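These notes concern the structure reproduced below.
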Amino acid sequence: MELEILEKIGLTRNESLVYLTLLKLGTSKTTKILNTSGLNSGKIYEILESLKKKGLVSESVINNIKHYTPSSPKELLDYIGAKKREVEKEEELVKSMLPRLEGLRNLKLNKSRAVIYTGFRGLKTAAYEGLNNINQNGEILAMGISEKKSDKLNEFWLKFTKDRVEKKIKARHIYSERGTYFKEFKKVTYTEHRVLEGITPVTVDIFGDEIVLLLNYEEPITCILIYDKNTAISFKNFFEQLWKIAKS
């Protein structure tokens, strides 16, 4: 178990094995470390050097022979803290680059196009791509909304809706049934709700005047994000027809 945990925090399997071996042995020569761990001798000095740089092993010379001592396991917290600080620095660097990178991307993505996303992560990317590209006065129209999908997906859309409301983006929803999901969304501000039972097995979201998202929740999850004004107008007209006959 300890081996797996050490790997999860960033140590290699061999580094984890050597560090755990040293914790059991105490200060030891490489020969003893190798015999106990079962590792190949050709890698041991490279592994120990890496552990030294991470602050998890110290080196001493006793009778002209190198010995290695494990640092306190509490040093693992310092190691994680250092990694966290490094990630935070990298995050700030990326944030500073985002405006320029988005500018470069938009230069190439200003024409009509369709992008296919797969899996849960793809769904999240597609949904927020739509949200982040709608202007403040825009409206999101969604039809075919159903709770008949996994809890993970339902929870995602509740979070997405919270983010939308924080941006003060209005929405109109047409649900496929009156259930717990419908009742939960009824509490949401900046949103109008109607029901038209069993209208479609696929959810359609229209973001403003130019973006349409088609969602198929059957595994593997597939999303098609369409950037096209004519397509958006067609789906908006269809939505408005359904809105008229849906029940409030």
* Taking the radius of gyration and the Kirkwood hydrodynamic radius from Cα positions alone, what is the Rg/Rh ratio for the range 46-102, to two decimal places? -> 1.28
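What's the longest piece of the chain with no exposed trypsin sites (Lys or Arg not before Pro), counting a site as exposed if DSSP puts it in a loop and it has at most 10 other beta carbons within 10 Å? Numbers along the way, then the final one.
Numbers: sites that count: Lys74, Lys111, Lys168, Lys187.
For trypsin sites (Lys or Arg not before Pro) (loop position, at most 10 other Cβ atoms within 10 Å), the longest site-free span of the chain is 1-73.
First select every other residue whose beta carbon is under 13 angstrom from the beta carbon of Glu90; then total the charges, Lys and Arg +1, Asp and Glu -1.
+1
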* Asked: Do the alpha carbons of any pairs in Lys54/Lys95; Lys159/Lys183; Lys53/Lys74; Lys24/Lys74 sit beyond 18 Å of each other, and which pairs?
  -> Lys54/Lys95
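Could you list Met97, Met143, Met1 in order of exposure, starting from the residue whose Cβ has the fewest other Cβ atoms within 10 Å?
Least crowded to most crowded, the residues run Met1, Met97, Met143.
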* Within-15-Å neighbourhood charge of Lys186 [Cβ basis; K, R +1; D, E -1] -> +3
* Determine the sum of side-chain charges near Glu240: Lys and Arg each +1, Asp and Glu each -1, restricted to other residues whose C-beta is under 12 angstrom from that of Glu240. => +3
* Gained length - Arg121 relative to Leu98, 0.36 nm times residue gap less alpha-carbon distance -> 6.3 nm
* Filter the GluC sites (Glu not before Pro) in the range 161-225 down to the DSSP loop ones having no more than 12 other Cβ atoms within 10 Å, then list what survives. => Glu197, Glu218
* Stokes-Einstein translational diffusion, the chain - Kirkwood Rh over all Cα pairs, 0.890 mPa s, 25 °C, in µm²/s -> 109
* To do: Report Rg (one decimal) and Dmax (nearest whole number) for the range 112-245, counting Cα atoms only, units Å.
  => 13.5, 38
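Laboratory data are not the source of any read-out in this text; all were calculated from the coordinates shown. Values in this document were obtained by computation on a predicted structure and should not be read as measured data. Backbone-built Cβ (ideal geometry, glycine too); neighbour counts: all protein chains shown.
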